[in-house]
């Protein structure tokens with residue numbers, strides 16, 4: 001099983017059928033994503049599908065402590081399975097199924113979230129317990145396996161690969177004013193040699209110069225951008241312009257050679 005947990009976040013807020021809520025976007029809806037701003041990335045909620053894709057049983061269980069709304073401070077637990085459409089005793093069922101407390105509704109019964117002590121008790125039995133006063137969500141992927149790998153990795157290899165990927169792709173968030181802290185297998189993730197030059201350039205951005213003069217210097221350049229209007233917009237809408245800032249770092253030849261020789265065969269981050 002693979003367990004993924006975040007802390008000091010919003011949690012799965014929202015009612016059982018509340019549209020545009022964290023809960024429905026992750027646990028109920030398919031091919032739908034609710035973002036808090038237009039600047040948020042992603043599309044159609046496809047990212048969340050990896051949880052079920054990496055489960056040999058297509059089963060994922062969620063335990064969350066909510067930060068806001070009418071259920072703020074409460075714990076909820078629910079599970080979801082993604083199966084093909086199927087029949088049981090000649091009765092047809094669609095693919096998705098849910099695990100929770102049975103509630104009678106207009107068309108029969110359905111599974112809804114467990115709350116409070118019921119949720120906490122079952123979470124402990126399912127190895128989903130989390131600090132009771134810390135908001136956020138714990139996710140359990142049942143029967144974890146990597147469909148992209150031919151051979152089965154042992155736990156140590158898998159954790160190391162997750163640790164390296166986290167350092168490679170999340171290093172900017174790890175150096176924000178309010179940094180993201182990532183822990184894998186009980187060990188904090190730190191930037192690797194692969195991304196260290198980028199970290200140095202980012203950390204030195206406030207002291208950036210107009211040009212690179214010696215190893216260790218960081219320079220800033222402003223790049224002009226031209227954004228054409230969208231196809232669906234009226235012709236009267238004008239294209240827009242803007243700029244983006246880029247930072248460049250200078251290294252000594254020795255440090256540069258050392259960095260290149262330590263890169264994996266896949267090359268530097270894109």
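The values are calculated or read from the model by the stated rules, or taken from the named source; none is laboratory data. Computed from a predicted structure; not experimentally measured. A quick note on method: Cβ atoms are made from the backbone with ideal geometry, for glycine too, and the neighbour counts reach across all protein chains shown.
Looking at residue 232 and the list (1) surrounded by 10 or more Cβ atoms within 10 Å (Cβ to Cβ); (2) in a loop (DSSP other than H, G, I, E, B); (3) not assigned by TED's automatic domain parsing to the domain that holds residue 162, which single condition is not satisfied?
Among (1) surrounded by 10 or more Cβ atoms within 10 Å (Cβ to Cβ); (2) in a loop (DSSP other than H, G, I, E, B); (3) not assigned by TED's automatic domain parsing to the domain that holds residue 162, the lone unmet condition for residue 232 is (1).
Going by the conditions given, is residue 49 out of contact with any helix residue (DSSP H, G or I) (no Cβ under 8 Å at 6 or more places or on another chain), in a loop (DSSP other than H, G, I, E, B), modelled with pLDDT under 90 and within 19 Å of residue 97 (Cα to Cα)? Spell out the reasoning first.
Working: out of contact with any helix residue (DSSP H, G or I) (no Cβ under 8 Å at 6 or more places or on another chain): yes; in a loop (DSSP other than H, G, I, E, B): no; modelled with pLDDT under 90: yes; within 19 Å of residue 97 (Cα to Cα): yes.
When the stated conditions are applied, residue 49 does not pass them.
Within region 69-92, can you find the residues that are farther than 18 Å from residue 126 by Cα and surrounded by 12 or more Cβ atoms within 10 Å (Cβ to Cβ)?
Hits for region 69-92 are 69, 71, 72, 73, 74, 82, 83.
Exactly one condition in (1) closer than 30 Å to residue 6 by Cα; (2) touching a helix residue (DSSP H, G or I) at 6+ places or on another chain (Cβ under 8 Å) is false for residue 218; which is it?
(1)
Which of the helices (runs of 4 or more DSSP H) found entirely inside region 97-215 contain at least 2 residues meeting this: at pLDDT below 85?
196-203
Which residues, counting only those in region 54-76, are part of a strand (DSSP E or B) and under 19 Å from the mean Cα position of the chain (by Cα)?
If the condition is that a residue be part of a strand (DSSP E or B) and under 19 Å from the mean Cα position of the chain (by Cα), then 55, 59, 60, 61, 62, 63, 64, 65 are the ones that fit.
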